[in-house]
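Before any comments, here is the structure.
The values are calculated or read from the model by the stated rules, or taken from the named source; none is laboratory data. The model shown is predicted, which means the values in this text are computed figures rather than measured ones. Here the Cβ positions follow ideal geometry from the backbone for every residue, glycine too, while neighbour counts run over all protein chains shown. We work out accessible area using only protein heavy atoms, side chains counted, and drop any ligands, DNA or RNA first. Shrake-Rupley method; radii C 1.70, N 1.55, O 1.52, S 1.80 Å.
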Amino acid sequence: MRNLSLKAFWILFSDGGAKLFGFFTTIYLARIFGAESYGLIVLALSVMGICIWFSDLGIQTLATRAMAAASPENRTPARYFWLKVSLSLTVMVVSAIVIWFVLRDNPELRMLVILFLMSLVPQSLQIQWYYNGTQDFKWVTLSNWIQGIVYLGGLLLIVSSDDLNAVPVIYTLSMLAGAVTLLVVYRGNQSIFRIPDISSWISDIRNSFYLGAGHFMAQSIILFPPIIISFFFREADVGF
């Protein structure tokens with residue numbers, strides 16, 4: 001019972017910290033940039049959120065289940081790690097090319113989205129799925145808090161009303177800090193960086209797609225409204 005309570009504490013502390021930092025960064029960004037520039041940030045984050053789904057396709061959920069089901073000596077985290085990295089690199093490049101042409105009439109938003117897309121790579125390096133599967137939640141909590149501190153601290157120290165493009169750069173660095181934390185403390189029996197057997201990737205993507213589709217539908221009520229509003233109104237209306 002004590003072990004269960006401790007795990008619940010780490011999960012609550014992790015999720016609570018992430019939401020707390022998100023709350024304060026939202027307030028700070030809205031206050032510093034005003035409605036119009038904040039609207040651009042919201043739009044860029046919405047596009048990035050859609051791209052994140054395509055770079056994951058539910059693999060994180062599938063990998064978490066695999067780590068939980070396998071015995072320590074039979075866990076193969078490199079299989080999912082490199083799959084996520086490969087997908088993220090592909091989605092980042094393809095999305096950047098599409099965005100470059102689709103948003104050619106809005107260069108400010110185009111640059112902001114492309115800079116946010118840079119964060120797909122450090123996000124793919126995060127192995128929270130491994131620690132969630134092994135129920136070692138304290139490291140996920142540490143990673144989330146470091147990520148939040150770097151992001152909020154970077155915004156407070158660096159960003160002013162003239163530094164819109166600095167926001168995605170700091171965001172990417174915060175993601176990298178969280179990823180490095182998890183990789184440094186990794187103590188699995190098998191190396192995370194070993195060459196994986198890619199013959200299972202097609203099967204993994206097929207199985208993970210159904211797991212990720214439900215999450216994407218749930219997230220769509222957050223991601224799509226700003227994009228839809230921007231079609232009919234201005235960036236300032238999205239910000240409001």
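At-a-glance table
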read-out	value
Elements of type helices (runs of 4 or more DSSP H) in region 91-146, at least 1 residues being under 30 Å from residue 37 (Cα atoms) and of a type in the set (A, V, I, L, M)	107-117, 120-125
Members of region 156-168 found to be within 16 Å of residue 116 (Cα to Cα) and in a helix (DSSP H, G or I), listed by number	166, 167, 168
Considering residues of region 147-168 that are more than 14 Å from the chain's Cα centre (by Cα) and crowded, with 18+ Cβ neighbours inside 10 Å only, the residue nearest to residue 64 (Cα to Cα)	150
Which numbered condition residue 55 misses (of (1) within 23 Å of residue 148 (Cβ to Cβ); (2) open to solvent by 30 Å² or more (accessible area, probe 1.4 Å); (3) among the hydroxyl-bearing types (Ser, Thr, Tyr))	(2)
Residue 109, sole failed condition from (1) under 20 Å from residue 238 (Cβ atoms); (2) open to solvent by 50 Å² or more (accessible area, probe 1.4 Å); (3) not basic (Lys, Arg)	(2)
Check on residue 97, open to solvent by 20 Å² or more (accessible area, probe 1.4 Å), over 24 Å from residue 240 (Cβ atoms) and without any contact (Cβ under 8 Å) to a residue 40 or more places away in the chain	yes
Whichever residue in region 192-202 is over 15 Å from residue 67 (Cβ atoms) and within 23 Å of the chain's Cα centre (by Cα) and, among such residues, is surrounded by the fewest Cβ atoms within 10 Å (Cβ to Cβ)	202
Residue among 171, 186 that alone is under 30 Å from residue 71 (Cα atoms), in contact (Cβ under 8 Å) with a residue 24 or more places away in the chain and either open to solvent by less than 50 Å² (accessible area, probe 1.4 Å) or assigned to a helix (DSSP H, G or I) (or both)	186
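Residue-by-condition table, conditions (1) touching a Cys at 6+ places or on another chain (Cβ under 8 Å); (2) free of Cβ contacts under 8 Å to residues at least 12 places away in the same chain; (3) small (Gly, Ala, Ser); (4) more than 28 Å from residue 136 (Cβ to Cβ):
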residue	(1), (2), (3), (4)
190	no, no, no, no
196	no, no, no, no
201	no, no, no, no
215	no, no, no, no
218	no, yes, yes, no
222	no, no, no, yes
229	no, yes, no, yes
233	no, yes, no, yes
236	no, no, yes, yes
